[in-house]
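Before any comments, here is the structure.
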Amino acid sequence: APKLTLSVDGPSTRGLTVEDEFETLEIPTPEVTLKLDASSEGSPIADLRIYHNGKLVAGATRGLFVEDDEDAPPSETFTKTATHTFTLTPGKNRFRAVAINQQGTESVPDELIVYSDASPPVDDTSGIALHVVTVGINAYQNPAYNLNYARADAVAVETVLRDRLGQLFTRANHYTLYDAEATRENIIATLDTVKREAGPRDVFVFYYAGHGVMSEGDTDPEFYLAPYEITQLYGERRILSQLGIPGRELLAYSRDIAAQKQLFILDACQSAGALKNVAVRGAVEERAIAQLARSTGTHWLTATGSEQFAAEFAKLGHGAFTAVLLDALNGAADTGDGIVSVNELKAYVEAKVPELTAAAKGEAQYPVTYGYGQDFPLTVLNP
């Protein structure tokens, strides 16, 4: 395994106590520059990842200034040093870093806890914002791909999140893209807007209801969301790669959007393939989804496994997954405190979707839910 050390690159005062078993430092500025020193025997360093309060904020060298990347024969040691500057949030800032070599072996993490005497105080006027992007596509440019309830699903999720905020958030930014509006260009532009506007204390929720498809003919198939303008889902890899939104692009936005609390919900056919590209060779798909959540430090809920198809039911007026999701957000998932959190939501969806689909169709549909990020509240039952 590689070896890695994480340190502050600049003035700091070491704390007199060790907090949570990790070194605690105080710095005189509202920003901190961290330095990563990694080495690996016999295999080059492929990735350096930094997590801020649990969420991936830099990785695959993106966002990192790599000062040294020394090649060496396989019998010798490869080294890499990188730096990155972070704006500190008020209170505790927990940083964790890992190094991964080209064989996929991960180092033991190194962690630091940083406080700043100069951190800007919490601005009660700006507070904590909720950023919600909902995409629902019933009517595709190719009518052969039209769905019945995807738009209704997206509208309902957006509505319940809007109506049940209570005092959780100071403000909420809602972005909706339905049917012909839900082009690749518009979806990417909306995610770019969230990337510009979201701060570290904010919450980001991305909900998609529509077609999702695994690419065909690849040794390592990749999952794509299918925007409105896709006219051929199968058999034409070029169209899918040009117009679809691949799972790896969603992962990049997860990393680059500053909000440290994030939830991605994919109610799409074959949606559990979203992060197949991060799986190690021979791993089952559920492991790929788990690694996705683990590597980004965020929460992911997907409606089906990659070989299943998301079910729609006329009597519900929604897809089965979203019907259960709405019940959960409206209070069914609450365990007694009047607030529905992400972890409560996941537990309820995992239990109820198989029951509903088995009763309605005779075959259970199993959602895939994973999360390594912080739990956080989504809705309030009694504002």
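The values are calculated or read from the model by the stated rules, or taken from the named source; none is laboratory data. Quick caveat, the model's predicted, so the values are computed rather than measured. Cβ atoms come from the backbone with ideal geometry, glycine included; neighbour counts cover every protein chain shown. Protein only, heavy atoms only, side chains kept; ligands, DNA and RNA dropped before computing areas. Shrake-Rupley method; radii C 1.70, N 1.55, O 1.52, S 1.80 Å.
Taking θ as phi - 60° and the Karplus parameters 6.51, -1.76 and 1.60, the scalar couplings of region 76-92 work out to 10, 9, 8, 10, 8, 10, 9, 10, 8, 9, 10, 7, 7, 8, x, x, 6 Hz in sequence order, x denoting glycine and proline.
The 3J(HN,Hα) values that the Karplus relation (6.51, -1.76, 1.60; θ = phi - 60°) gives for region 316-323 are, in residue order, 7, x, 8, x, 4, 4, 6, 4 Hz. Gly and Pro appear as x.
How much net charge surrounds Asn138 when only the other residues with a Cβ under 10 Å from the Cβ of Asn138 are counted, with Lys and Arg +1 and Asp and Glu -1? Walk me through the numbers before you get to the answer.
Numbers: positive: Arg151; negative: Asp153, Asp179.
Around Asn138, the surrounding residues sum to -1.
Taking 0.36 nm per residue of sequence separation and subtracting the Cα-Cα distance, how much length would be gained by fully extending the chain between Glu350 and Gln242, in nm to one decimal? Walk me through the numbers on the way to the answer.
Details: separation 108, 0.36 × 108 = 38.88 nm, distance 3.37 nm.
Fully extending the segment from Glu350 to Gln242 adds 35.5 nm.
Positive contributions from Lys and Arg (+1) and negative ones from Asp and Glu (-1), summed over other residues with Cβ under 12 Å from the Cβ of Val108, come out at -1.
Positive contributions from Lys and Arg (+1) and negative ones from Asp and Glu (-1), summed over other residues with Cβ under 13 Å from the Cβ of Thr159, come out at 0. Per residue, the accessible area of region 156-224 comes to 42 Å², computed with a 1.4 Å probe over protein heavy atoms only. Rounded to whole numbers, the Karplus 3J(HN,Hα) couplings from phi for region 49-58 are 10, 10, 10, 10, 6, x, 9, 5, 10, 7 Hz, using 6.51 cos²θ - 1.76 cosθ + 1.60 with θ = phi - 60°, and x at Gly and Pro.
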